[in-house]
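Here's the structure, in structure tokens; my notes come after.
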Amino acid sequence: MKTIEDIIKKYKSKIDYLDLEIIISRAINKSREFVLAHPEKRLTPNQKLRIGNYAMRRIKHEPLAYILGNKEFYGLDFKVNKNTLIPRPETELLVDETLKVLSNLPARRTGGFSNKFSNTSVVDIGTGSGNIIISLAKNSKQKSGCYATDISEKALRVAKQNAKLHKVYEKIKFFKSSLLGNKKLLNNLTMKQCNNLVIVANLPYLSEKIYMLSPASVKKYEPQSALLSSNRGLFHYEKLLKQLKKLHTTYYPPATPERSDGGRSIPHTTCILEISPEQKTRLNKLIKQHFPKPKVIFKKDLAKKWRVCIITL
Ligand SMILES: C[S@@+](CC[C@H](N)C(=O)[O-])C[C@H]1O[C@@H](n2cnc3c(N)ncnc32)[C@H](O)[C@@H]1O
């Protein structure tokens, strides 16, 4: 009967040591500390089979998150599968910045009732596994008014499972939608007067050139539709800006004295977008082409690369 030590010897030249420890610990349902402390532990045939299966998949470059079916993000554990992008650590900056925006929103009075959170809608566009909106729902004071969209039904299924797992399913409404295009979503956003609209998006933004340079594990296993965008990576964000402009002009007609009683004024709108560093200047230009006086701020990630764009409209 083989031991943990035998298995480590067998695979250590083929698999990163840390990955191997994680694979063994998951296959035998024990902690990594246990794996380290008990090299003499004998493995059952089933455990050996599981380790062999995981190890072979890893050797073929399948990401560990897909093999194990989960990935940690913002201190929470998310289910992932081949239909969802694996949440990236740099996306935590997007959540940090959105939480800051949410806690600094202008408090506006509505009908004598002032609660700065009750009239805020937060929309996560391209939700994937739901990692962003679920982290926001868990860490902000939003009690409701959270929305998540994705063009992929299969990704939305995973996002809903994660929302249930983290007990925020009741706070979030999910829509299959191309960006903001779903009529039901738009009705939800515009039905009641919403004072603050916060759009957060980590949409596909890799240019063809950068996508081609991605590691084999990304190109072979992660959904291309979650990563690649035409127009040198800005097709999706430009389309979103256009939809947002239409939303402002069509769904929130400018307030006039005549309609001041029933008319809906444009909500204070903030967009927080994850970008590829080289897109900063081009995106800035695009935003200014679509909106007359936006306030645009860019933030760098821990690697000192431009990663997040915050637009206040
Ligand atoms: C870069 S992934 C981000 C996933 C997740 N939000 C994250 O941060 O890990 C982009 C997501 O956008 C979705 N997507 C692609 N095109 C879309 C569109 N036109 N409308 C809505 N979602 C779209 C993809 O299915 C994918 O889930």
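The values are calculated or read from the model by the stated rules, or taken from the named source; none is laboratory data. The model shown is predicted, which means the values in this text are computed figures rather than measured ones. So basically every Cβ, Gly included, is an ideal-geometry build from the backbone, and we count neighbours across all protein chains shown.
So which residues in the range 285-298 are exposed (fewer than 15 other Cβ atoms within 10 Å of the Cβ) and either over 18 Å from Gln243 (Cβ atoms) or not assigned by TED's automatic domain parsing to the domain that holds Leu203 (or both), if there are any at all?
Scanning the range 285-298 gives Lys285, Lys293, Lys295, Ile297.
Can you spot a residue in the range 55-63 that is surrounded by 19 or more Cβ atoms within 10 Å (Cβ to Cβ) and within 16 Å of the ligand (Cβ to nearest atom)?
yes
In the range 151-175, what residues are closer than 27 Å to Asn195 by Cβ and near the ligand (Cβ under 10 Å from one of its atoms)?
Ala159, Phe175
Exactly one of (1) on the phi < 0 side of the Ramachandran plot; (2) crowded, with 24+ Cβ neighbours inside 10 Å is unmet by Ser121. Its number?
Answer for Ser121: the failing condition is (2).
For Ala148, are the conditions met, namely being touching a residue at least 60 places away in the same chain (Cβ under 8 Å) and either within 10 Å of the ligand (Cβ to nearest atom) or farther than 27 Å from Ile311 by Cα (or both)?
no
Among the residues of the range 53-70 satisfying the criterion of being touching a residue at least 60 places away in the same chain (Cβ under 8 Å) and assigned to a loop (DSSP other than H, G, I, E, B), which is farthest from Ile28 (Cα to Cα)?
Residue satisfying both the conditions and the ranking: His61.
Check the range 218-239 and report whether any residue there is out of contact with any Phe, Trp or Tyr (no Cβ under 9 Å at 6 or more places or on another chain), of a type in the set (Lys, Arg) and under 18 Å from Ile310 (Cα atoms).
Looking through the range 218-239, at least one residue is out of contact with any Phe, Trp or Tyr (no Cβ under 9 Å at 6 or more places or on another chain), of a type in the set (Lys, Arg) and under 18 Å from Ile310 (Cα atoms).
Just need a number here: residues in the range 1-59 that are touching a His at 6+ places or on another chain (Cβ under 9 Å) and of a type in the set (A, V, I, L, M, F, W, C).
1
Could you count how many residues in the range 21-52 are crowded, with 16+ Cβ neighbours inside 10 Å and assigned to a helix (DSSP H, G or I)?
Adding up the residues that qualify gives 13.
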